[in-house]
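Some notes on the structure that comes next.
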Amino acid sequence: MNFLSRFLTRLFWSGVTLLGTAVLVFFLINVMPGDVARIIAGPKATPVVLAEIHHSYHLDEPIWKRLGFYLDQLAHGDLGHSYVTDQSVTQAILTRLPVTASLAATAVVMWLLVAVPLGVLTAKYRGRWFDRGVLVGATFSLSLPAFWLARMLQYGLAYKLGWFPVAGFRGFTSLLLPGITLAFLFVGYYARLIHTNMVEVLDSPYVRGARARGASEATVLFRHALPNALIPVVTVLGMDVAGLLGGVLFTENVFALPGIGTLAVQSVFNLDVPMIMGTVLLSATLVVSANLAVDILYRWIDPRIKAGY
Amino acid sequence: MSDASVEIGLSVAESASPDRRAVPEMFRSRLILTGSGIILLFAVLALAAPLLTQWHILREPLLQNLNGLDAEGMPLSPSGRYLLGTDNLGRDVLSRLVYGARVSLAVGIAAMLTATCIGLTIGLLSGFYGGKLDMGLMRFTDMNLSIPSILLAIAFAGLMDGKILHLHPAWLHWRFLDLKLQRGMVSVFLIIGFVSWTGMVRVIRGQVLSIKERDFVHASRALGASNARLIFRHLLPNVIPTVIVLAAMNTANTIMLEAGLGYLGVGVPPPAPTWGSMIADGQAYFISAPMIVIAPGVAIVLTVLAFNLLGQGLQEVLDPNRAR
Amino acid sequence: MKPNRAIRTVVALPGFVLSLAIATEFFSHRSNAMASAAMTNSSAESLSGSDGQPRRGGTLHLVEPTDFRSLDPAIAYDTESVPIVRLLFRGLLDYDDGVNLVPAQAEDWSISPDGKTYTFHLRPGIRFADGREVEAQDYVFSFERILDPVTESPGQGFFTGIEGAAEFVAGKARHVSGLSAPDSRTLIIKLKDPQFTFRYVLAMTFAVAEPQDVVQHYGKDFENHLDGSGPYRLTEWKRGIRVRMARNPFYTGPDGYVDAVDVMIGGDNSTEAMMLERGELDRVMAGPPEAIYFERDPRLRSFLVPVPTANTDYLFMNTEMKPFDRVLVRRAVNYAINKARLLRLTGGFATLANGIVPPAMSWTNPGLPPYDYNPDKARALLRQAGFPNGFKTTFAYMEDNPIYVRLAQDIQQDLQQVGIDASLRPANFTAFDLESSSRHQVPLGIWGWFQDYPDPSDFLDVLFNGRYITPTDCNNVAFYDNPSANRLLDQATASLDPAERTRLFLQAEDLIMDDAPWAPLIHEVLPVLYSPRVHNTAPHPVWLWRYEWMWLNPS
């Protein structure tokens, strides 16, 4: 199978996954009873007003027809309008996406900058106290609740010490502490991942050969071993987009960042169904496209890998 | 938040039964001992909480007490009377912390069991039968994987507000089929269970794929063993060690999710003390009484850490090749 | 106006139950207290810089936990959005530093001797932010827009006294006959009947000029393209993220001090207080916990400005329901409540209420019957009323407001002391509002009222005139109907003589308090935190916050 047809197959399945997600979420949310019109009009609305809303939101149609309307809207890139503010969901998401994206990017860069050296060194000093210490530290970082860690760092580093802005969004500096919070949550996992891969690569004949040829330790570690050890990290990064978005949700809320996470939480509180579905679909799209991108990237950096499905 | 279990695969045990040497080794693993020690401590405290209250060692966690507030109605800071201080309603934080362990552990473990059942079933079926079933199930898993579990969980939990779901057509008045969507311990653990099984599926499926090509499986099949027998006698016992490791790690995730839902106000509803909601309620008093927020956070970290350590340790013991 | 400020305190706490309160705020078309405050000996001046020399420049950083529903002057109607609308739009009349009306965009104005015709001449050269000159026709258009049912303006009721308004609202007339603009700078408003308070209506932010061409071009979308004649103009409004304003280059009135106003949306009370202390925000509406924290820290005490509001929180007794139809019972309840202890429960952010009209409205009434805390007298009155063993009743309150919750629990104990067994029934804003405003529903409950404009009629006439009682949606939650009180109130509202009005209103208040349909409890005091770099923070008795008056230290 050549590259193009493989890519098209992947693209097709990504599309199917997304469509399936859209339908799944639509049913799960719409099967829930409870009168949307009441949410929109308030508990005092008259039956006439309710009927009007039912009509204008197609709530009086059978569910499969509403699904049709919904998918038709989606096909036109329209995610509908908020029940609460009447704002376009697409608009709301687009104004917030840059904040979330730059927060996520900041965090990824931060944790890779720490995880890579940690992973390399623990692989080199495997089994020593340093290695064990990092292992426990990594497990600890995996065990931190994002919302709590965010509060603690906000209190200590921003409020007490004044090293960072406490909250709000006024440019890049506002992203530093939230980025550190997220990086904290992921750095341990990635340090271990790189460690495991490094250990494998260091044992490989390729590296043993390099050593036998008399390459210096630094050259072996960073020139020969590390690039190979980093390849699987790319996959995991792609798969972690979902986890990252989960962390973003809490971090944004604590630091009052106007991103997708804050939007998602607000819309759940307001029972704003179009907004909930919009944010859920957005994250699904991000995850699926990240996986697709990783798949392609992976094949590009490591052509030995054979087609999966 | 990262779904650690995704990448953790175990190499398959060589024989039809799990390694017997693993058991004594467990008692030598410091990771396992530390992890299970902390879990045991919390479990004992959680189980004994009502007794401790009865013996007046702990205060009633729901009791709103004007003596627990100062003259201006602010929570008290830690003192001999209230070891961890009081919360905004004058309730004893220590007591709520201990009672919170009941909720956290119960919901976390129940959700883990739910997730394990789903994940194991799908993984086994998908790996064993392959073909179209495998394809369908894996697509379904992918769809679930593509939504952050916390987002899905808050979406569901948020929509549960006492509405009644009629599982029967309108003309049939089968009230016993009506389902009241109300947030409580059960619905919260079910929600968490339903959003956290995906990590397990791929690992189990991978293992099943490799085990079913083993000689002893082929031999058994040649001797006319039924599919059910193959699954329950050969495949299941061989994936059990992996399931145990994944389950331990998944409990860490489910407890974290429970805390997250509680923090966002869509977990087990008040006045039940949960660690997440304690942090949420305490935030309003954060600058004046930080202990209300710090204490439950430490409890969450310790519990989640314990399950993660346990998982790590189990992995080292049950699968020494992979966990280096 | 009914209290909604509680919702603000509530927004800070993530919680689903609480979110319903937020939702309620969003969906309810009626809520929205437009609270106002008095500057009675405000401590704010202590914050002003030592040199006291106002300085131009800088950006004022404000915060709102949830976005403004609208900044369209026809729609905006709550304590948070009105001061922002005031930056973007200006009307004919304004208040001076106190409660006296002064002309704003009017060069001069006059009221005919019969009190029915208002004539305004606009100042020359006032312009909208897009440069077009403001014309009298814009005012006619704006007032008609508020009356038009399509606009769904919460201020519609304030303008229905204009001649021809009823016909216009009913769709029988294309224009309001009482509104006319004989030339581009003259506006004439004719009222159906003399109405003393209409002058205050003209100072509300509803009564501003909106550019007819722009509004008609955008229709409902005008709120995204606001164009007003205030000292500032809207430069950015990213929903749910931030609102930014900068100087209006065409503004000709007295300039604001700051160059820009920046409102961040989001955050919770605790975070906001931390941001304020670190200088990231200039003003924060605090909750009681933050306020007390700042008050207790000698380093931070000066940040805190308690703002007395023209509000009264009260215990109402439904005079149509047994046993509160007996005046002796109602008086007994007044004597049974230990108000001094209630005050402590608010953390000190309140003053005791003895009468109906808040003192923040520059109102004192020496003739009020004294209801001191006296449980023995209460018991005696109950005996006299035929309840020697007390009675059972239910006691409703809105649980969204933590202060109400505490007051209710405490009052329940006080009532218990004199033999009244009141079982508590908490409800959310919508449910409580619905029930308490309907006849024969709530025998006893806690509620509050905020001033709309600085005139005692806003409390006495609106809340106690029995002629306005309706089966549902009634503001007179005690359903108090006393013909002599009604007569006094009618005379007072019809009168155009300020001295006579005051005399009649004082009499009415005495009479009502003697009949005791309420036990007034407290007047709330808002704890507001200001960064020390902000000056001129003294709250205005009507507007509360005049951001254009605040000035900042150089950074």
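The values are calculated or read from the model by the stated rules, or taken from the named source; none is laboratory data. Worth saying up front: this structure is predicted, and the values here are computed from it rather than measured. Using ideal geometry, Cβ is built from the backbone for each residue, glycine included, and neighbour counts are taken over all protein chains shown. The protein model used for the area step is the full one, side chains on, heavy atoms only, and it has no ligands, DNA or RNA in it. Shrake-Rupley method; radii C 1.70, N 1.55, O 1.52, S 1.80 Å.
Check C:TYR257, C:TYR232, C:TYR293 and return the single one that is touching a His at 6+ places or on another chain (Cβ under 9 Å) and aromatic (Phe, Trp, Tyr).
Going through C:TYR257, C:TYR232, C:TYR293 in turn, the sole match is C:TYR257.
Which of (1) over 13 Å from the mean Cα position of the chain (by Cα); (2) β-branched (Val, Ile, Thr); (3) open to solvent by less than 20 Å² (accessible area, probe 1.4 Å) does B:ILE192 not meet, given it meets every other one?
It is condition (1) that B:ILE192 fails.
Write out, first by first residue and then by second, each pair whose Cβ atoms fall under 6 Å of each other, whose residues are 6+ apart or on separate chains, and whose first residue, in the stretch C:54-70, is closer than 17 Å to C:VAL85 by Cβ while the second is of a type in the set (Gly, Ala, Ser).
The qualifying pairs are C:ASP67/C:GLY240; C:PHE68/C:SER81; C:SER70/C:ALA76.
Return the total of residues in the stretch B:291-324 being modelled with pLDDT under 90, more than 30 Å from A:ASN197 (Cβ to Cβ) and open to solvent by 30 Å² or more (accessible area, probe 1.4 Å).
Going through the stretch B:291-324 one residue at a time, the tally reaches 1.
I'd like the residue in the stretch C:252-281 that is within 9 Å of chain A (Cβ to nearest Cβ) and β-branched (Val, Ile, Thr) and, out of all such residues, is nearest to C:THR346 (Cα to Cα).
Per the stated criteria, the residue is C:THR271.
Can you list the helices (runs of 4 or more DSSP H) lying wholly within the stretch C:282-383 that have 3 or more residues being modelled with pLDDT under 90 and within 14 Å of chain B (Cβ to nearest Cβ)?
C:288-296, C:339-345
If I filter the stretch B:36-53 for residues that are open to solvent by 70 Å² or more (accessible area, probe 1.4 Å) and modelled with pLDDT under 85, do I get at least one hit?
Yes, there is a match, as at least one residue in the stretch B:36-53 is open to solvent by 70 Å² or more (accessible area, probe 1.4 Å) and modelled with pLDDT under 85.
Give all pairs with beta carbons closer than 9 Å in which a residue from the stretch C:154-177 that is at positive phi meets a residue that is surrounded by 13 or more Cβ atoms within 10 Å (Cβ to Cβ) and of a type in the set (Lys, Arg); count only pairs at least 6 apart in sequence or on separate chains.
Close Cβ pairs (under 9 Å, with a partner that is surrounded by 13 or more Cβ atoms within 10 Å (Cβ to Cβ) and of a type in the set (Lys, Arg)) amount to C:GLY164/C:LYS190; C:GLY164/C:LYS192.
Tell me, yes or no, whether the stretch A:243-255 has at least one residue that is in the same structural domain as A:ARG170 (by TED's automatic domain parsing), modelled with pLDDT under 85 and open to solvent by 10 Å² or more (accessible area, probe 1.4 Å).
Looking through the stretch A:243-255, at least one residue is in the same structural domain as A:ARG170 (by TED's automatic domain parsing), modelled with pLDDT under 85 and open to solvent by 10 Å² or more (accessible area, probe 1.4 Å).
Of the residues C:GLY228, C:GLY279, which is in a loop (DSSP other than H, G, I, E, B) and buried (at least 24 other Cβ atoms within 10 Å of the Cβ)?
Just one listed residue meets the conditions, C:GLY228.
Have a look at B:MET26, B:MET74, B:MET1 and point out the one that is within 14 Å of chain A (Cβ to nearest Cβ) and at pLDDT below 80.
On inspection, the qualifying residue turns out to be B:MET1.
In the stretch A:121-175, how many residues are assigned to a helix (DSSP H, G or I), aromatic (Phe, Trp, Tyr) and closer than 30 Å to A:PHE222 by Cα? Can you show your working first?
The initial filter retains those residues of the stretch A:121-175 that are assigned to a helix (DSSP H, G or I), namely A:121-124, A:129-142, A:146-160, A:173-175.
From the residues that got through so far, the ones that are aromatic (Phe, Trp, Tyr) too are A:129-130, A:140, A:147-148, A:155, A:159.
Subsequent filtering for residues that are closer than 30 Å to A:PHE222 by Cα retains A:129-130, A:140.
Looking only at that region, the number is 3.
In the stretch B:308-317, is there at least one residue being more than 30 Å from A:LEU135 (Cβ to Cβ) and at the interface with another protein chain (Cβ under 9 Å from one of its Cβ atoms)?
no
Taking C:HIS175 as meeting all but one of (1) assigned to a loop (DSSP other than H, G, I, E, B); (2) within 17 Å of C:VAL85 (Cα to Cα), write down the number of the exception.
Single failed check for C:HIS175: (2).
Look at A:THR279 and say whether it is assigned to a helix (DSSP H, G or I), among the polar types (S, T, N, Q) and within 14 Å of chain C (Cβ to nearest Cβ).
It is true that A:THR279 is assigned to a helix (DSSP H, G or I), among the polar types (S, T, N, Q) and within 14 Å of chain C (Cβ to nearest Cβ).
Assess whether C:ALA516 counts as being aliphatic (A, V, I, L, M), touching a Ser or Thr at 6+ places or on another chain (Cβ under 8 Å) and either surrounded by 23 or more Cβ atoms within 10 Å (Cβ to Cβ) or modelled with pLDDT under 90 (or both).
Against the criterion (aliphatic (A, V, I, L, M), touching a Ser or Thr at 6+ places or on another chain (Cβ under 8 Å) and either surrounded by 23 or more Cβ atoms within 10 Å (Cβ to Cβ) or modelled with pLDDT under 90 (or both)), C:ALA516 does not qualify.
Of all residues in the stretch B:274-290 being open to solvent by 10 Å² or more (accessible area, probe 1.4 Å) and either touching a residue at least 40 places away in the same chain (Cβ under 8 Å) or polar (S, T, N, Q) (or both), which is nearest to B:LEU76 (Cα to Cα)?
That would be B:ALA289.
In the stretch A:184-227, what count of residues is obtained for those that are under 21 Å from A:LEU244 (Cβ atoms), open to solvent by 10 Å² or more (accessible area, probe 1.4 Å) and not aromatic (Phe, Trp, Tyr)?
Counting residues in the stretch A:184-227 that are under 21 Å from A:LEU244 (Cβ atoms), open to solvent by 10 Å² or more (accessible area, probe 1.4 Å) and not aromatic (Phe, Trp, Tyr) gives 5.
Return the only residue of C:ALA499, C:ALA494 being of a type in the set (Gly, Ala, Ser), at pLDDT 90 or above and over 18 Å from C:ASN311 (Cα atoms). Spell out the reasoning first.
Details: C:ALA494 fails: at pLDDT 90 or above.
Only one candidate passes the filter, namely C:ALA499.
For residues in the stretch B:244-273 being open to solvent by less than 10 Å² (accessible area, probe 1.4 Å) and β-branched (Val, Ile, Thr), which is farthest from the chain's Cα centre (by Cα)?
Within the stretch B:244-273, the match that is farthest from the chain's Cα centre (by Cα) is B:VAL266.
I'd like to check something: does the stretch C:236-251 contain any residue that is within 14 Å of another protein chain (Cβ to nearest Cβ), farther than 22 Å from A:PRO165 by Cβ and outside any helix (DSSP H, G or I)? Spell out the reasoning first.
Just the residues of the stretch C:236-251 that are within 14 Å of another protein chain (Cβ to nearest Cβ), to begin with: C:236-244.
Pick out the ones that are also farther than 22 Å from A:PRO165 by Cβ and you get C:237, C:239.
Narrowing the set further to residues that are outside any helix (DSSP H, G or I) leaves C:237, C:239.
Within the stretch C:236-251 (the criterion being within 14 Å of another protein chain (Cβ to nearest Cβ), farther than 22 Å from A:PRO165 by Cβ and outside any helix (DSSP H, G or I)), the answer is yes, since at least one residue qualifies.
Per-residue answers, yes or no, for (1) at pLDDT 85 or above; (2) among the aromatic types (Phe, Trp, Tyr); (3) open to solvent by 20 Å² or more (accessible area, probe 1.4 Å):
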position	(1), (2), (3)
B:ARG102	yes, no, yes
B:ASP142	no, no, yes
B:ILE150	no, no, no
B:LEU165	no, no, yes
B:ALA170	no, no, yes
B:LYS180	no, no, yes
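Six or more apart or on different chains, Cβ under 9 Å: which pairs go from a residue in the stretch B:36-57 that's over 17 Å from B:LEU305 (Cα atoms) to one that's open to solvent by 100 Å² or more (accessible area, probe 1.4 Å)? Could you list them?
Qualifying pairs under 9 Å: B:LEU51/B:ILE57.
Would you mind stating whether C:ALA519 is in a strand (DSSP E or B) and assigned by TED's automatic domain parsing to the domain that holds C:LEU343?
Spelling it out, C:ALA519 is indeed in a strand (DSSP E or B) and assigned by TED's automatic domain parsing to the domain that holds C:LEU343.
All but one of (1) within 14 Å of chain C (Cβ to nearest Cβ); (2) open to solvent by 30 Å² or more (accessible area, probe 1.4 Å); (3) hydrophobic (A, V, I, L, M, F, W, C) hold for B:ALA228; which doesn't?
If we test B:ALA228 against (1) within 14 Å of chain C (Cβ to nearest Cβ); (2) open to solvent by 30 Å² or more (accessible area, probe 1.4 Å); (3) hydrophobic (A, V, I, L, M, F, W, C), just (1) comes out false.
Looking at the stretch C:124-140 only, could you name the residues that are open to solvent by 30 Å² or more (accessible area, probe 1.4 Å) and in a helix (DSSP H, G or I)? So that I can check it myself, show each step before the final result.
Going residue by residue through the stretch C:124-140, those that are open to solvent by 30 Å² or more (accessible area, probe 1.4 Å) are C:124, C:127, C:130, C:132-133, C:135, C:137.
Within the stretch C:124-140, just C:GLN137 meets the criteria.
Determine which member of the set B:ALA248, B:ALA222, B:ALA259, B:ALA252 is at negative phi and within 14 Å of chain C (Cβ to nearest Cβ).
Going through B:ALA248, B:ALA222, B:ALA259, B:ALA252 in turn, just one is at negative phi and within 14 Å of chain C (Cβ to nearest Cβ): B:ALA259.
At least 2 residues that are open to solvent by 20 Å² or more (accessible area, probe 1.4 Å) in each: list the helices (runs of 4 or more DSSP H) lying fully within the stretch C:390-507 that qualify.
Hits in the stretch C:390-507: C:402-417, C:429-436, C:483-494.
Hey, can you tell me all the residues within the stretch C:145-170 that are more than 13 Å from C:LEU191 (Cβ to Cβ) and surrounded by fewer than 20 Cβ atoms within 10 Å (Cβ to Cβ)? So that I can check it myself, show each step before the final result.
The first filter runs over the stretch C:145-170 and keeps only residues more than 13 Å from C:LEU191 (Cβ to Cβ), leaving C:145-157, C:167-170.
Matches in the stretch C:145-170: C:ASP148, C:PRO149, C:VAL150, C:THR151, C:GLU152, C:GLN156, C:GLY157, C:GLU167, C:VAL169, C:ALA170.
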